[in-house]
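Since the structure comes first, as structure tokens, the remarks are kept for the end.
The values are calculated or read from the model by the stated rules, or taken from the named source; none is laboratory data. Computed from a predicted structure; not experimentally measured. Cβ placement follows ideal geometry from the backbone for every residue including glycine, while neighbour counts extend to all protein chains displayed. Just the protein is used for accessible areas: all its heavy atoms, side chains included, with ligands, DNA and RNA removed. Shrake-Rupley method; radii C 1.70, N 1.55, O 1.52, S 1.80 Å.
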Amino acid sequence: MTDLLREKVVVVTGASSGIGRAIAIRAAEHGAKAVVVSDISENPREGGNPTVDEIRVRGGTAIFIKADVSSRADNDALIAASEEFGGVDVMVANAGITLRNDGADVNEEDFHRLLAINLDGPLFGAQAAAAQMKAKGKQESIILMASMGGLSGAGITVAYSTSKGGVVLMAKSLADALGPYGIRVNAVAPGTIDTELLRTSPGIAEASEGFRKRTPLRRLGQPSEIGDAVAYLGSDLSSYVTGTVQLVDGGLLAVI
Ligand SMILES: NC(=O)c1ccc[n+]([C@@H]2O[C@H](COP(=O)([O-])OP(=O)(O)OC[C@H]3O[C@@H](n4cnc5c(N)ncnc54)[C@H](O)[C@@H]3O)[C@@H](O)[C@H]2O)c1
């Protein structure tokens, strides 16, 4: 498709399904040298072939590494696995969850479980990637998956929005910390994207038709459209872009 990611080794968490899967496949289509596909399960939630198979049939190179992003050791092992291809150039900390019972009364156990995946996950992933990039002198790119729900709050997403707002400021703060090493850190904030997460999250699923009607482009986003934003931020085309939040929402947050 393009050679935007030529010579880049791309690592994607939460890449068996939805947005992460599309980011991984799109990275291969944009010419990535190799894609390290990672998730807690190899099988896509929405069915179909594992992501690695989809990349290989397109002529790309990919391996699957099982990792739970809430574990620092798993993140370290994931980045170590990228050594096979020369180390990570583009780290995409994408894995994230919503809760069945989010809101003002969210319980402590659910809240902490969500924070462990949505906040510890990107922090541990970024730390592991940055440590390897620094050791190799690589001046490359880390991308954290935020959400429009991290830029605007909602009563049905108290825990989720708290975590994604944290991801936005994590990206800005890490951009400052890692900028002197030439490592860029940006966040991507998807709007309503047609994935299992959207379809199976109570409250969000019901609200999505209303979101669609209010969205200037009058449709939900496709996971591949997030993959293209990630490809840009991972590529040398964005060499002076760091500490930003790339909103990919069909214009939804631009209107009241
Ligand atoms: N779908 C949307 O509309 C939307 C909007 C904004 C932001 N996002 C964000 O995009 C990211 C991907 O969402 P999606 O819609 O593709 O969701 P999804 O549920 O379709 O896919 C998420 C993947 O993450 C994996 N995962 C869950 N817990 C994990 C863990 N502990 N360790 C490793 N992997 C784990 C799942 O197995 C799954 O394959 C999330 O961070 C989500 O918050 C999604």
field: Cα-based shape type of the stretch 142-256, given that a ≥ b ≥ c are square roots of the gyration tensor eigenvalues and the cut on a/c is 1.5
entry: prolate
field: Leading residue at positive end of dipole, the stretch 9-254 (Cβ point charges), from 175, 79, 93
entry: 175
task: Run the dipole for the chain about the Cα centre, Lys and Arg Cβ at +1, Asp and Glu Cβ at -1, nothing else charged, and hand back the magnitude in debye, nearest 20.
output: 560
Radius, Kirkwood style, for the chain when every pair of distinct Cα atoms is counted (Å): 17.9
message: Can you compute the helix-only [θ] at 222 nm over the chain? Use -39500 (n - 2.57) per DSSP H run of at least 4 residues, normalise by all residues, nearest 500 deg cm²/dmol.
response: -12000 deg cm²/dmol
statement: Carbon plus sulfur, as percent of the 1.4 Å-probe accessible area of the chain, comes to 52
field: Under 22 Å from residue 136, Cα to Cα: lysines that are on another chain or at least 8 residues apart
entry: 8, 33
message: Please list, ordered by chain and number, the residues whose modelled amide H lies under 5 Å from the amide H of residue 247; skip anything fewer than 5 residues away on the same chain.
response: 189
- prompt: So what's the gap between the Cα centers of the stretch 71-129 and the stretch 143-200, to the nearest angstrom?
  reply: 12
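So what is the accessible area of the stretch 9-254 per residue, in Å², with the probe set to 1.4 Å?
Per-residue accessible area for the stretch 9-254 comes out at 42 Å².
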- prompt: Where does the charge balance sit around residue 40 when Lys and Arg score +1, Asp and Glu -1, over other residues with C-beta under 12 Å from its C-beta?
  reply: -2
field: By average C-beta atoms within 10 angstrom, highest first, the peptides 46-56, 15-25, 226-236, 179-189
entry: 15-25, 226-236, 179-189, 46-56
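Return a whole-number percent for the relative contact order of the chain, with Cα pairs under 8 Å and 6 or more residues apart as the contact set.
Working: 573 pairs, mean separation 50.8, N = 256.
Relative contact order for the chain comes out at 20 percent.
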message: To the nearest 20 Debye, how big is the dipole of the stretch 113-236 about its Cα centre, given +1 on the beta carbon of each Lys and Arg and -1 on that of each Asp and Glu?
response: 120
- prompt: Efficiency by 1/(1 + (r/R0)^6): what FRET value for residue 107 and residue 209, r their Cβ-Cβ distance, R0 = 22 Å, to the nearest 0.05?
  reply: 0.20
Accessible area (Å², 1.4 Å probe, nearest 10) - residue 242: 60
Given charges at beta-carbon only (K, R positive; D, E negative), |dipole| of the stretch 23-83 in Debye: 180
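Tell me which DSSP H helices of the chain clear both cut-offs, 27 Å or more of axial length from alpha-carbon atoms and a mean Kyte-Doolittle hydropathy of at least -0.5.
Numbers: long enough: 158-178 (29 Å, 0.79).
Qualifying helices, which must be both long enough and hydrophobic enough, are 158-178.
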message: Which one, 163, 244, 208, projects farthest toward the positive side of the charge dipole computed for the chain from Cβ point charges (K/R +1, D/E -1)?
response: 244
